[in-house]
Structures are given as C-alpha cells and as structure tokens.
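One structure is given here, and the rest of the page talks about it.
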Amino acid sequence: MQYIPEAQSSAVVTHEMAFEAISEAFKAAGAQGAVVFPALIAHGSDPVNRFSVKSGATQTLAGLKMGFIWPGNTAKGLPTHNSVTVLFNQETGGVRAVIESGVVNAYRTAAADAVATNRLARKNAKTLAAFGAGNQAGYDCMAIARIRPIEKVLVVNADAVRAERFAQRLAAHGLSVERTSAKDACARADIIVTATPAKSPLFDADWIRPGTHISCMGADGIGKQELPTEIYERAQLFCDLAAQSVVIGEFQHAAALIQAGTVSLTQIGTVLSGQASGRHDDQAITIFDSSGIALQDLYIAERLLRACPLSG
C-alpha cells in the first residue's frame, strides 16, 4: 500500500496537474463503465461537524474520498476542511493507496471551476466576481486567472477584515482585488464564482447581465442554494454530474423545470468530449454547478501516485 501524507501531497499538487486530471475525470463521467455512487452526507458525534463520502469507479480506477468540515477548528488554529482519498486494489481488493488530500481537494475543486469556465466563459472575460472570501474562493480565483486574462477580482463579503485578508492573499499572486456590493459585482463581472455555504440566493436574477458565466461551487448538500431560481430559464445550465446535481447540487432547485423539459441540463464532460455544445453566443448566460464527484478525486489521486515515490 502506498501512503502519501499531507505534507507530500500538498507539495506536489499544482493547478496544472489538477486542471488536466479534472478534465479527464469529467470526460470519464459520461463514459461506459464509469459509475458515481450516491454521496453519503453525515455528521460526527457533534452534529455541527460534518463529513461526506463520495465514491466511484471507472474501468481502471475505484475508490472514495472522505471530506470533513469541523467548524470549531478555527478557534484551534487548524483548517476547518480536510480530506482523505483512498484508491482500491482492483485485482485483489483492499487498499492500494491512502492520500491525505486537504490541500489537494482545494486544487481539485478549483480545477473543476477552471475547466468549466474555460469552455463556457467568453474568451475576453477580464473581471471576476467572488462571492465568499474563504480558502476555497481564493483557490478558485487563482485557477481562473490561469485560463482568462483577469484584471480585477471583485469580492463580496460582509466581513471587511476577512475581505482584506482575501485581497492580500490574491495580491501576492498578482491579482488586484476590490471589495464591493453584490449588485455592483453582478453589474461589472464577466465571470462570477459563488463559494459559500449559503441556503438562499446571494443576488437577484435581474442583476446578471447578458454574457456572464457563473460557477456555483458551494451547493453540495440538500437545502444549500446560492442562485435565484428565476435565472434558470434565462441561462444555459451545465454541471459535473446531472444525477447528483439535481439532488445535492445547485440544480436541486431546478429539478422540476428540468423534469418538465422547461430547461435542459448538460454535463460538462460531454462538452469537453465534443458530444454537446457549450456557450451559444457572447450574449448567453452560462451556469456551471459543481457538486463535486468522486471521479475528480480518483483521477487526481492517480496523478499524485505517479508524481510521488513509493513509500511504506
């Protein structure tokens, strides 16, 4: 069995590695023999502490990712989010590899945003709005800045101190950040990223201008919501996995419209593989929902194994 500790996995992972791995994972999600099993959303002894188990298999890979959210860690000076990925030995059963993947998970999630944005956002998109100023939002902004000529990041966050820390973090990577209101951010943004634990819309539908791309990264459980439902019929809808998106993702709130055929939902992997089209034109509003699928974790884990020397 190969074991990769957090210090090693975080030192090896890059935005480029993650982008390539997640591109492959999204294409694999629609391929024959690939399965993504229903996600388990649970909690620890204290119900405020949550964990999830996402598992899946392809013709060459099988395994799972356990994700942990322990809010009380902030007071202890520890990360609130953590992850462990396990790859199975498909010939004999048992564990092939265990990878501590807290930082890797942030790269993996940001890469999902970047892969979808690269296919759906206008090529000349220069202004990015981030709803949320947490750890994941920072990774998303940096991943998007790799694939679009971002000149300004507009951050929407009620906490001025948190927003300032966010601005300083991105400035260290060459990005200019301005704190602003939700309405102003929507009016100016070419790309919007929502990375929050919200359970109600972060902005009004009529604030979104034609040509905007929106990546919804926060909804990964029943009841979570970042977008106004009124925007669905004005937009093209895309996701990582349709079956999961309509249950625990952002499009759980569009499920009735999708079932009725009022709107359609396209898996981004079919766009990447050329089976479906992406943005119709420069005036279209595009929305990508990232509920997070196990194949993302399996594909980036495989790349980490190639990059890391075998250990104990």
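Summary of computed values
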item: Filter pass, Ile69 being open to solvent by less than 60 Å² (accessible area, probe 1.4 Å), over 14 Å from Asp297 (Cα atoms) and among the β-branched types (Val, Ile, Thr); result: yes
item: Search result, residues across the range 166-183 that are of a type outside the set (D, E, K, R) and either in contact (Cβ under 8 Å) with a residue 60 or more places away in the chain or surrounded by 15 or more Cβ atoms within 10 Å (Cβ to Cβ) (or both); result: Phe166, Ala167, Leu170, Leu175, Val177, Thr180, Ala182
item: Selected residue (only one of Ala171, Ala160 is within 22 Å of Phe203 (Cβ to Cβ) and not basic (Lys, Arg)); result: Ala160
item: Neighbours by Cβ (under 6 Å, 6+ apart or cross-chain): first from the range 300-311, part of a loop (DSSP other than H, G, I, E, B); second of a type in the set (S, T, N, Q) and open to solvent by 40 Å² or more (accessible area, probe 1.4 Å); result: Cys308/Gln8
item: Number of the exception - Tyr139 against (1) assigned to a helix (DSSP H, G or I); (2) in contact with a strand residue (DSSP E or B) (Cβ under 9 Å, 6 or more places away or on another chain); (3) closer than 21 Å to Ala111 by Cα; result: (2)
item: Any pair with Cβ under 6 angstrom, 6 or more apart, that starts in the range 69-96 at a residue that is assigned to a helix (DSSP H, G or I) and ends at one that is at pLDDT below 95 and open to solvent by less than 90 Å² (accessible area, probe 1.4 Å); result: Pro71/Thr80; Asn73/Thr80; Thr74/Thr80
item: Residue tally, condition open to solvent by 50 Å² or more (accessible area, probe 1.4 Å), over 25 Å from Ser273 (Cα atoms) and of a type outside the set (Val, Ile, Thr), over the range 9-46; result: 5
item: Selection count, the range 250-264, where residues are outside any helix (DSSP H, G or I), out of contact with any Phe, Trp or Tyr (no Cβ under 6 Å at 6 or more places or on another chain) and small (Gly, Ala, Ser); result: 2
item: Cβ-Cβ under 6 Å pairs, at least 6 apart or on other chains, the range 194-223 side more than 13 Å from Ser290 (Cβ to Cβ) and open to solvent by 30 Å² or more (accessible area, probe 1.4 Å), far side of a type in the set (Lys, Arg) and in a loop (DSSP other than H, G, I, E, B); result: Lys199/Lys224
item: Residues (touching a residue at least 40 places away in the same chain (Cβ under 8 Å) and among the small types (Gly, Ala, Ser)) located in the range 252-299; result: Gly269, Ser273, Gly278, Ala284, Ser290, Ser291, Gly292, Ala294
item: Selection count, the range 102-138, where residues are open to solvent by 10 Å² or more (accessible area, probe 1.4 Å) and within 10 Å of the chain's Cα centre (by Cα); result: 5
item: All strands (runs of 3 or more DSSP E) inside the range 151-214 with 2 or more residues being under 20 Å from Thr109 (Cα atoms) and in contact with a strand residue (DSSP E or B) (Cβ under 8 Å, 6 or more places away or on another chain); result: 152-156, 191-194
item: Scope the range 224-235; condition outside any loop (DSSP other than H, G, I, E, B) and in contact with a helix residue (DSSP H, G or I) (Cβ under 8 Å, 6 or more places away or on another chain); matching residues; result: Gln225, Thr229, Glu230, Ile231, Tyr232, Glu233, Arg234
item: Index of the failed condition, Val247 passing every other in (1) within 29 Å of Thr14 (Cα to Cα); (2) open to solvent by 60 Å² or more (accessible area, probe 1.4 Å); (3) assigned to a loop (DSSP other than H, G, I, E, B); result: (1)
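Let's see how each residue does on (1) out of contact with any Phe, Trp or Tyr (no Cβ under 9 Å at 6 or more places or on another chain); (2) within 21 Å of Cys186 (Cα to Cα); (3) touching a residue at least 12 places away in the same chain (Cβ under 8 Å); (4) among the small types (Gly, Ala, Ser):
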| site | (1), (2), (3), (4) |
| --- | --- |
| Thr109 | no, no, yes, no |
| Ala130 | no, yes, yes, yes |
| Asp140 | yes, yes, yes, no |
| Lys152 | yes, yes, yes, no |
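The values are calculated or read from the model by the stated rules, or taken from the named source; none is laboratory data. Bear in mind that the values here come from a model prediction, so they are computed numbers and not experimental data. Neighbour counts are summed over all protein chains in view; Cβ atoms, including those assigned to glycine, are modelled from backbone coordinates with ideal geometry. The area values use the complete protein model at the heavy-atom level, side chains included, leaving out ligands, DNA and RNA. Shrake-Rupley method; radii C 1.70, N 1.55, O 1.52, S 1.80 Å.
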